[in-house]
1. If you take the residues of region 90-122 that are under 13 Å from V78 (Cβ atoms), assigned to a helix (DSSP H, G or I) and of a type in the set (D, E, K, R), which of them is modelled with the highest pLDDT?
2. Right, V131: surrounded by 14 or more Cβ atoms within 10 Å (Cβ to Cβ) and more than 17 Å from G173 (Cβ to Cβ) or not?
3. Can you work out which of the residues in region 144-156 that are in contact with a helix residue (DSSP H, G or I) (Cβ under 8 Å, 6 or more places away or on another chain) and in a loop (DSSP other than H, G, I, E, B) is nearest to L176 (Cα to Cα)?
4. Out of all the residues in region 157-172, which are outside any helix (DSSP H, G or I) and crowded, with 17+ Cβ neighbours inside 10 Å?
5. If you go through region 142-156, how many residues are more than 14 Å from D113 (Cα to Cα) and touching a residue at least 12 places away in the same chain (Cβ under 8 Å)?
6. For residues in region 62-82 being surrounded by 13 or more Cβ atoms within 10 Å (Cβ to Cβ) and at pLDDT below 80, which is farthest from the chain's Cα centre (by Cα)?
7. Residues S146, S194: which one is farther than 25 Å from A105 by Cβ and of a type in the set (S, T, N, Q)?
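The values are calculated or read from the model by the stated rules, or taken from the named source; none is laboratory data. All figures in this text were calculated on a predicted structure; none of them were measured in a lab. Glycine also receives a Cβ, built like all others from the backbone with ideal geometry; neighbour counts cover every protein chain displayed.
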Amino acid sequence: METYRTEEEQVEALRRWWRENGSSTIVAIILALGVGFGYQGWKDYRQNQSDGASDMYQRILQAFSAPALSPEQQKIAVQLAEQLKADYSGSTYAQFAALQLARVAVDRNDLADAQAQLRWVLGKADKGSDVERIAQVRLARVLAASGETDQGLAILGGDVEGPYKASYAVARGDILLGAGREGEARDAYTAALSLAAGDGAGIDLVAVRQKLQALNPKPARVTVPVGTEPAAAPSPAAVEGAVPASDAGAGNEE
């Protein structure tokens with residue numbers, strides 16, 4: 001750094017530097033402050049958004065978990081879910097709300113609305129996330145129930161990692177069974193049980209075994225009335241040791 005011999009030279013050098021760099025320095029400071037305050041403001045906004053979405057979703061859960069919803073109560077719950085989707089569409093809570101709306105649509109047999117809700121979730125969910133996997137399984141079932149079996153199976157045909165492998169196999173089995181393809185359904189249920197041995201979280205193993213047993217019925221037992229049992233067949237040793245009468249006579253003649 002340049003050394004100055006007098007205070008006047010230092011002051012003059014400072015003035016010269018300020019004339020050359022002062023404006024850009026002020027701009028840089030303003031920008032730095034703006035970025036800092038802006039980032040903090042964005043963080044606060046995101047936190048407020050998350051808190052608002054969480055609070056609304058809790059209200060939705062409470063509304064839908066009531067033992068018996070009246071038509072008016074169900075209408076209010078649906079409106080809350082739709083509002084959550086509209087106000088906080090970028091949040092995971094909005095995806096949860098859409099899953100709830102899809103379930104309600106299935107309950108009232110509105111499969112077109114259920115399909116639309118699930119496709120909305122798939123358009124928002126992160127790839128490979130739990131929400132995406134759940135939405136895929138439910139959409140596959142809805143498509144199959146709508147008569148679009150092949151489309152439903154196609155959704156379940158991709159590579160799946162993690163604990164949802166067994167769930168996908170169970171869904172394939174249910175769809176195939178509903179389509180009358182019992183052999184393929186049996187294979188899918190068998191695969192589900194095998195996959196569940198490693199990680200079967202989220203599936204009902206008892207129900208899967210019952211379905212598989214129904215596809216592999218035991219032969220019916222035949223009850224024979226007492227006194228009508230068929231005569232026991234002779235043992236192989238007895239048959240081999242028996243000598244025909246003609247052969248016995250021939251032996252005596254020798």
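1. D113
2. Values: surrounded by 14 or more Cβ atoms within 10 Å (Cβ to Cβ): yes; more than 17 Å from G173 (Cβ to Cβ): yes.
Answer is yes for this residue.
3. First, pick out the residues of region 144-156 that are in contact with a helix residue (DSSP H, G or I) (Cβ under 8 Å, 6 or more places away or on another chain): 144-146, 149, 151-153, 155-156.
Now drop any that are not in a loop (DSSP other than H, G, I, E, B), which leaves 146, 156.
On the way: S146: 14, L156: 12 Å.
If we take residues in region 144-156 being in contact with a helix residue (DSSP H, G or I) (Cβ under 8 Å, 6 or more places away or on another chain) and in a loop (DSSP other than H, G, I, E, B), then L156 is nearest to L176 (Cα to Cα).
4. The first filter runs over region 157-172 and keeps only residues outside any helix (DSSP H, G or I), leaving 157-163.
Hits for region 157-172 are V160, P163.
5. We begin by selecting, within region 142-156, every residue more than 14 Å from D113 (Cα to Cα); these are 144, 147-156.
Checking the rest, the ones that are also touching a residue at least 12 places away in the same chain (Cβ under 8 Å) come to 144, 149, 152-153, 155-156.
The number of residues fulfilling the criteria is 6.
6. Within region 62-82, the subset surrounded by 13 or more Cβ atoms within 10 Å (Cβ to Cβ) is 63-64, 69, 73-74, 76-78, 80-82.
Narrowing further to those that are at pLDDT below 80: 63-64, 69.
On the way: A63: 24, F64: 21, L69: 27 Å.
My answer is L69.
7. Numbers: S146 fails: farther than 25 Å from A105 by Cβ.
Going through S146, S194 in turn, the sole match is S194.
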